[in-house]
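Undergrad: Below is one structure. I have some questions about it.
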Amino acid sequence: MDFEKLYIDGQWIPGASGQFIEVENPATGEMFAKVPRGNAEDVDRAARAARRALPAWSALPLAERISLMEKFLTIFKSQEEDLIHITIKELGSPYAFTKASQVEYQYVRTRSYIDLSPKVPLVEKMEYSTTYREPVGVIGCITPWNYPLGQVIQKIVPALLMGNTVILKPSQHTPLSSYYLAEAFEKAGFPKGIFNLVTGRGSEVGNALSFHPLVDRISFTGSTSGGIAVGKKALESVKHISLELGGKSPYIILPSENHDYAEPIHLCFNSIFLNSGQTCTAFSRLLIPEEEKGIIEKQLVEIAKEYTVGDPTDHTVKLGPVSSRQQFEKISDYIQKGMDEGARLLTGGLPGSPSKGYYIRPTIFTDVKNDMTIAQDEIFGPVLCVITYKDEEDAVSIANDVRYGLNAGVYGPKEKAIAIAHRIQAGNVYINASPRDTAAPFGGYKESGIGREGGIYGMLEFTQQKALFDTGK
Ligand code: NAD
């Protein structure tokens, strides 16, 4: 794979700047690849290509777009070993997690979009009119590094199926897996200009996309501060925007008569520790009943031992390094802050200086008050805050006392858990050991975002409505 080119208008071409951004392996600190440092000129070329390709692509019957997407999926699946290898190298996520969640789950998502696309309600009859949903146009997709494939698939597949054309700017930290997607679109026979890949920095490529007059929608996933900045720019030319942003998600454990909390603890740990806590939906605040504190703390410490940290190519390791030196320093600062604020470490703690790879152990703070910085800020690392509550009222109030509203979990007797879930201000709430559902809408309340991804709701985001008043003479 030649990572030193951009994919624009169906061709692999050099970036206009002639400059590159190096990609680091966070497990070793080795700079092992470089991609073009794209700029406004590259974005302009991509936007013109995407605009030229738009009329024919959006006029194509859905069945033909589906047929091309089926071919894409077959090729995408055949790239599995390469995708696992490159994701481990650019992100540092360990083998088993990378295979299941970073790569194979994206096949499930793609399949779900393909299967649901004929069911998207594109035409709706009203009393005196008919409403048609049409493509929005050229979509600028700006994505983060924590799920380098997943965040991209969540945008480009529904956007293309709904008849839009796409310019993708992946994170500058993890741009390599996106090259395989470009290759798959090319091999599947997508017409030129439908999918374009421009690598580079947010301040250059992301900025140019947000301002470009030929881009109709910005679909952004990343930090809340990044989303606000991008949203402001996009609104200058009244682009459609969707923002999938950060979280500080609560996980409420209700008292159990047998005092065995192994299952909810595992569910919480799988969320906050796998991917080294670098998951937008991670359950980073664990809310436990005051009267069970001592018992639960002991179980937390025991179970945390299962979450081994090490070389991500080792198939048995659960946590690899965090994704970059910047992440390592930010998370370390928060661990220090937690200690300074008076929270007590149950396990983990400050890492030493990174000699080789940015490794941080699962870290659990107890005696956390919800107004502490570590309970309010998105740390985006393997750091869990344990907070006690007095009763259900108190649990709901603590859960909602945060600027974010992306995800939540409630574990306990089902009816009680569901009643609590209805009171939590979050776009997603998991009850007990419920699995994910690709067809469900995914997105945030409050400062966690605007818009939804996933299933039919995700596809509707890439349409705009036209009402035809066609009942007159
Ligand atoms: P980030 O905001 O730094 O960057 C995200 C993307 O936006 C990158 O491609 C970056 O280059 C670009 N960008 C950043 N600032 C920009 C600007 N001012 N103008 C234009 N482009 C800009 O986020 P990150 O560190 O890559 O990712 C981590 C964040 O993403 C976390 O906050 C996490 O919660 C969030 N996230 C949210 C979801 C979700 O679905 N809600 C999913 C994954 C990650």
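Undergrad: Please report, in Å, the Rg and the Dmax of region 329-473, where both are computed over Cα atoms only.
TA: Cα-based Rg and Dmax for region 329-473 come out at 20.3, 78 Å.
Undergrad: Taking 1 over the mean of 1/r across every pair of different Cα atoms in region 307-373, what Kirkwood radius in Å do you get?
TA: Across region 307-373, the inverse of the average 1/r is 12.8 Å.
Undergrad: Order of 273-279, 398-404 by packing, highest average Cβ count within 10 Å first?
TA: 273-279, 398-404
Undergrad: Here's a follow-up. Tell me, what ³J(HN,Hα) does each residue in region 333-344 have, in order and in whole Hz, if you take phi through Karplus 6.51 cos²θ - 1.76 cosθ + 1.60 with θ = phi - 60° and put x for Gly and Pro?
TA: Running phi through 6.51 cos²θ - 1.76 cosθ + 1.60 with θ = phi - 60° gives 4, 5, 5, 4, 4, x, 5, 5, 7, x, 6, 10 Hz.
Undergrad: Write out the GluC sites (Glu not before Pro) in region 98-180 meeting two conditions: DSSP loop, and at most 10 other Cβ atoms within 10 Å of their Cβ.
TA: 127
Undergrad: Over all directions, average the projected area of the Cα convex hull of region 1-141 and note it in nm².
TA: 11.2
Undergrad: Also, quick follow-up: Radius of gyration and Dmax for region 78-220's Cα atoms, expressed in Å?
TA: Taking only Cα atoms of region 78-220, I get Rg and Dmax of 16.4, 57 Å.
Undergrad: What do you get when you divide the Cα radius of gyration of region 249-437 by 2.2 N^0.38 Å, with N the number of residues?
TA: 0.97
Undergrad: Straight-line reach from residue 77: which aspartates and glutamates have a Cα under 12 Å away, not including same-chain ones fewer than 8 places off?
TA: Correct list for residue 77: 104.
Undergrad: If we count other beta carbons within 10 Å of each Cβ, what is the order of 372, 31, fewest first?
TA: Taking fewest neighbouring Cβ atoms as first place, the list is 31, 372.
Undergrad: So for the pair residue 433, residue 355, with labels modelled 7 Å out along Cα→Cβ, what separation do we get in nm?
TA: So the label points at residue 433 and residue 355 sit 4.1 nm apart.
Undergrad: Here is a follow-up. Sum up the charges of everything whose Cβ sits under 13 Å from the Cβ of residue 441, counting Lys and Arg as +1 and Asp and Glu as -1, but leave residue 441 out.
TA: So the environment of residue 441 carries a net charge of -2.
Undergrad: Just to be sure I understand the curve: with the Debye formula and one point per C-alpha of the chain, what is log10 I(q)/I(0) at q = 0.08, 0.09, 0.14 Å⁻¹?
TA: Computed log10 I(q)/I(0) values: -0.48, -0.60, -1.34.
Undergrad: Then there's this: Beta carbons within 10 angstrom, averaged per residue: use that to sort the peptides 151-160, 4-13, highest first.
TA: Final packing ranking: 151-160, 4-13.
Undergrad: Within a 10 angstrom radius of the beta carbon, how do 211, 190, 220 rank from fewest other beta carbons to most?
TA: With the fewest neighbours first, 211, 190, 220 line up as 211, 190, 220.
Undergrad: Oh, and also: With both partners inside the chain, how many of the DSSP beta bridges are antiparallel, as a percent to the nearest 5?
TA: Just about 40 percent of them are antiparallel.
Undergrad: Restricting attention to the alpha-carbon atoms of region 411-455, what are Rg (one decimal) and Dmax (integer), both in Å?
TA: 11.6, 32
Undergrad: Additional query: Order of 314, 2 from fewest to most other C-beta atoms within 10 Å?
TA: Lowest count first: 2, 314.
Undergrad: Pull up the cross-link candidates among the lysines for residue 305, meaning alpha carbon to alpha carbon under 20 Å and not fewer than 8 places away within one chain.
TA: 293, 318
Undergrad: May I ask which of 248/416; 232/369; 5/155; 248/390; 99/119 have a Cα-Cα span longer than 27 Å here?
TA: With Cα atoms farther than 27 Å apart: 232/369; 99/119.
Undergrad: In square nanometres, what is one fourth of the surface area of the convex hull spanned by the alpha carbons of region 197-328?
TA: Value for region 197-328: 11.3 nm².
Undergrad: Another one. Measuring from label point to label point, each 7 Å out along Cα→Cβ, what is the residue 258 to residue 450 span in nm?
TA: 4.8
Quick note: the coordinates plus some simple rules give every number you see, no bench work behind them. Not measured: the values here are computed from a predicted model. FYI the Cβ positions are ideal-geometry reconstructions off the backbone, even for glycines, and counts take in every protein chain you see.
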